[in-house]
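A.B. asks: Attaching a single structure in structure tokens format; questions to follow.
The values are calculated or read from the model by the stated rules, or taken from the named source; none is laboratory data. All of these numbers come straight from a predicted model, not from anything done at the bench. Here the Cβ positions follow ideal geometry from the backbone for every residue, glycine too, while neighbour counts run over all protein chains shown. Accessible surface areas use protein heavy atoms only, side chains included; no ligands, DNA or RNA. Shrake-Rupley method; radii C 1.70, N 1.55, O 1.52, S 1.80 Å.
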Amino acid sequence: MQVTPKNIESNQSDIHENLDVVVRKHLKTLFQKPYADHSKRAFDEVIRRLDDFKGCPIVFDSCCGVGDSARALAKKFPGHVIIGADKSEKRLSTERTDAVPDNLIFVRTDLNDFYRMAVDAGWQFDRHYILYPNPWPKSEHLKRRWHGAPVFPSILKLGGRLELRSNWLIYLLEFQAALKVAGIDADLTRLEVSEPMTAFEAKYASSGQSLWQLTAMVNNWGKSLAI
């Protein structure tokens, strides 16, 4: 039996009133939380596996869940190395009959650490996808959203073509506004789904919910920025 996905329930009707203050604070300060040991081990393992892909541009799939989107990206970009990251071992270990593509690396990690370690290592993404619907719709959880989190500047420093998708328009309007504070223009459009990249997109589209897509180029961010 197919379960109809719920609409977003939030006590926000518009962009969070504190968004500008929160974003500016994080853009001016350095996120110094120590890296967890498991995060270091995960990053080192990815570095080891990247030895097989020297010279290949990186496509990063954040919060990739069971890996549908990462597999689709591996097929779409055969000349790239795709890194699919998720914090859930259960989601990443979901049994599948299809083999993992040769150009795809899965990693279980805390992205709050991984993003910063990637910046430390001098990485630059060619493309960066954040396709998981926003899980924090309550107003008091602004700082748990990527654009309201201390790690937001690291996301920008990793560069590339950034793409987010969601069924919650306010989430993407906030991300667009946060990018604007950082000096980056972003396009926000309604998404017409013909080939869903994730199970969430498939469910939302089939239930008639509107889907939205935000895209931005964030290369060379922060080189001459005054916040």
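A.B. asks: How big, on average over all directions, is the shadow cast by the Cα convex hull of segment 6-69, in nm²? Walk me through the intermediate numbers first.
C.D. replies: Working: hull surface 33.7 nm².
Projected area, direction-averaged: 8.4 nm².
A.B. asks: Multiplying the sequence separation of ASP98 and LEU50 by 0.36 nm and subtracting their Cα-Cα distance, what value in nm do you get?
C.D. replies: Going from the current span to full extension adds 15.1 nm.
A.B. asks: Take peptides 153-166, 50-63 and line them up by average Cβ neighbours within 10 Å, highest first, as a rough protection proxy.
C.D. replies: Numbers: 153-166: 22.0, 50-63: 16.8.
In descending order of packing, they fall as 153-166, 50-63.
A.B. asks: Please give the length that would be gained between GLU89 and THR29 if that part of the chain were fully extended, namely 0.36 nm times their separation in residues minus their C-alpha to C-alpha distance (nm, one decimal).
C.D. replies: Details: separation 60, 0.36 × 60 = 21.60 nm, distance 3.15 nm.
Extra length available between GLU89 and THR29 comes to 18.5 nm.
A.B. asks: Turning to a different aspect of this structure: Please list ASP120, ASP126 in order of solvent-accessible area, largest first, computed with a 1.4 Å probe with all protein chains present.
C.D. replies: On the way: ASP120 110, ASP126 65 Å².
Ranked from most to least accessible, the order is ASP120, ASP126.
A.B. asks: What are the lysines whose alpha-carbon lies under 24 Å from the alpha-carbon of LYS25, with same-chain residues fewer than 8 places away excluded?
C.D. replies: Leaving aside lysines fewer than 8 places away in the same chain, those within reach of LYS25 are LYS33, LYS138, LYS143, LYS157, LYS180, LYS223.
A.B. asks: Follow-up. Taking 1 over the mean of 1/r across every pair of different Cα atoms in the chain, what Kirkwood radius in Å do you get?
C.D. replies: Details: mean 1/r = 0.0549 Å⁻¹.
After inverting the pairwise mean of 1/r, the radius is 18.2 Å.
A.B. asks: Something else now. Mind jotting down a quarter of the surface of the convex hull over the alpha carbons of segment 130-227, in square nanometres, one decimal? Write down the numbers at each step before the final one.
C.D. replies: Details: hull surface 25.8 nm².
With every direction weighted equally, the projected area is 6.4 nm².
A.B. asks: In addition: Got a number for the accessible area of THR198? Probe 1.4 Å, square angstrom, nearest 10.
C.D. replies: Per-residue accessible area (THR198): approximately 20 Å².
A.B. asks: Between LYS180 and SER210, what length in nm is gained on full extension when 0.36 nm per residue of separation is reduced by their alpha carbon distance?
C.D. replies: Details: separation 30, 0.36 × 30 = 10.80 nm, distance 2.38 nm.
So the extension gain works out to 8.4 nm.
A.B. asks: I've got another one for you. If you average the C-alpha positions of segment 57-129 and of segment 4-43 separately, how far apart do those two centres end up, in angstrom?
C.D. replies: 20
A.B. asks: With all pairs of different alpha carbon atoms counted, what Kirkwood hydrodynamic radius in Å does segment 105-168 show?
C.D. replies: Hydrodynamic radius (Kirkwood, Cα only) of segment 105-168 equals 12.8 Å.
A.B. asks: Right, next: In Å, what Kirkwood hydrodynamic radius results for segment 59-107 from the alpha-carbon pair distances?
C.D. replies: For segment 59-107, inverting the mean 1/r across all distinct Cα pairs yields 10.5 Å.
A.B. asks: Moving on. With no solvent and one point per C-alpha, what does the Debye sum give as log10 I(q)/I(0) for segment 1-134 at q = 0.10, 0.11, 0.17 Å⁻¹?
C.D. replies: Each listed q corresponds, in turn, to -0.42, -0.50, -1.04.
A.B. asks: State, as an integer percentage, the relative contact order of segment 98-227 based on alpha-carbon contacts under 8 Å between residues 6 or more apart. Please report the intermediate quantities before stating the final value.
C.D. replies: On the way: 175 pairs, mean separation 35.0, N = 130.
Rounded, it is 27 percent for segment 98-227.
A.B. asks: Defining a contact as two alpha carbons under 8 Å apart and six or more residues distant in sequence, what relative contact order in percent does the chain show? List each step's numbers first, then the result.
C.D. replies: On the way: 386 pairs, mean separation 54.3, N = 227.
Answer for the chain is 24 percent.
A.B. asks: Here's a follow-up. Counting DSSP beta bridges with both partners in the chain, what percentage is antiparallel, nearest 5?
C.D. replies: Numbers: 11 of 30 bridges.
Here the antiparallel bridges make up roughly 35 percent for the chain.
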